[in-house]
1. In segment 23-60, which residues are closer than 21 Å to A82 by Cα and charged (D, E, K, R)?
2. Can you pull out the residues in segment 43-72 that are in contact with a Gly (Cβ under 9 Å, 6 or more places away or on another chain), surrounded by 11 or more Cβ atoms within 10 Å (Cβ to Cβ) and farther than 17 Å from Q98 by Cα?
3. What are the residues in segment 77-116 that are in contact with a strand residue (DSSP E or B) (Cβ under 6 Å, 6 or more places away or on another chain) and surrounded by 12 or more Cβ atoms within 10 Å (Cβ to Cβ), if any?
4. Report yes if L40 is crowded, with 16+ Cβ neighbours inside 10 Å and at pLDDT 95 or above, otherwise no.
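The values are calculated or read from the model by the stated rules, or taken from the named source; none is laboratory data. Just so we're clear, the structure is a prediction, and the values are computed from it rather than from any experiment. Quick reminder, even Gly has a Cβ in these numbers, built from the backbone with ideal geometry, and neighbours come from all protein chains shown.
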Amino acid sequence: MRRRVLTMAVVGGVLAAGPARAEFAKGQELVLLTAHSAVLAAQHCPFQLDERRLQSFLSRKGLTRASLSSGPFSPLLQEDMAADDARYANDTAAACDQAWASFGPGSPVSGLLRRR
């Protein structure tokens with residue numbers, strides 16, 4: 001019975017906030033994680049971040065560059081950001097290759113990165 005009450009409370013919390021608001025927040029977290037990954041790539045790889053494109057990308061969900069450090073972030077987003085950081089610590093070359101495929105020209109988020 002306790003589990004059922006907890007489930008109802010969680011569902012009730014989502015419904016109270018509204019499904020559209022919950023989806024928007026999830027979208028914001030995905031954009032924050034993507035931007036975080038691109039910023040890390042610019043810090044660790046021979047790439048330069050296109051700040052204008054980054055700001056345009058963030059603004060689609062009402063975010064700014066400051067949003068990357070302002071938090072508070074959900075535990076899942078914190079975990080994903082930490083995993084991103086660990087990828088660069090463990091295998092920088094592979095992480096840079098992945099970043100270029102994800103954020104370089106012709107990528108799904110095209111143009112966030114360019115070669116220095």
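1. Across segment 23-60, the qualifying residues are K26, E29.
2. If the condition is that a residue be in contact with a Gly (Cβ under 9 Å, 6 or more places away or on another chain), surrounded by 11 or more Cβ atoms within 10 Å (Cβ to Cβ) and farther than 17 Å from Q98 by Cα, then D50, R53, K61 are the ones that fit.
3. Correct list: F103, G104, L113, R114.
4. yes
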